[in-house]
């Protein structure tokens, strides 16, 4: 039952909340509900497994059995949807560029560990074929996720803002544009901002906008509280923009 909520989290976190709130998202729960209803009575229909037997391995009790048709349905509707959630997160983290490239690779690796364990078990690639290798390999999944999202503070970033910026065709704006998240950190900027303001994307992304703006105009106070000011022949504006539930802001300079 945990797989559809994980996909739902991935959709919300990456700015695809409209899909999570749609009616067809709830179709993901069909397989878990079907499993909850039919699994306890497998001894009657045998659709999940047959020939069940206790078969010790490595000194502990384990079970061996033949897979039934609903087992494969359960597998696709379980770990399969977990992979979808992981890919959503990995794609979003990767989109931040080299700044979070190692974190994106860690998210991808987190799905590989249990997936390899499941494949080894299903294809019976080891002498103790009934041992579910995904269980010990799940530790690698947890460690990779911890590195990507907790150890590197990725949960402090709300990528829905960055996704909304990508959909706004920022590159088409001739004026410099900085996209800010709710905490007023820069999450994106267009090529005009890089060129005219002489900013390095990898250096300013996730930096406080106040620090960046002050580096361009040291005499100016923190920009969170101002709407517009004119400095010589240059006009600066910071104005809120809608990005679904994200608090994004754009900053632009006009001559």
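The values are calculated or read from the model by the stated rules, or taken from the named source; none is laboratory data. The shown structure was predicted, so the numbers you read here are calculated from the model rather than taken from an experiment. Every residue, glycine as well, gets a Cβ built from its backbone with ideal geometry; the counts of neighbours run over all protein chains shown.
Some points to look at:
- With respect to (1) within 20 Å of residue 135 (Cα to Cα); (2) touching a residue at least 24 places away in the same chain (Cβ under 8 Å); (3) surrounded by fewer than 16 Cβ atoms within 10 Å (Cβ to Cβ), the lone exception for residue 30 is condition (1).
- Residues in the range 62-117 that are assigned to a loop (DSSP other than H, G, I, E, B) and under 20 Å from the mean Cα position of the chain (by Cα) were compared, and the one that is modelled with the lowest pLDDT is 96.
- Checking the stated criteria, residue 55 turns out not to satisfy the condition of being within 18 Å of residue 148 (Cβ to Cβ) and surrounded by 13 or more Cβ atoms within 10 Å (Cβ to Cβ).
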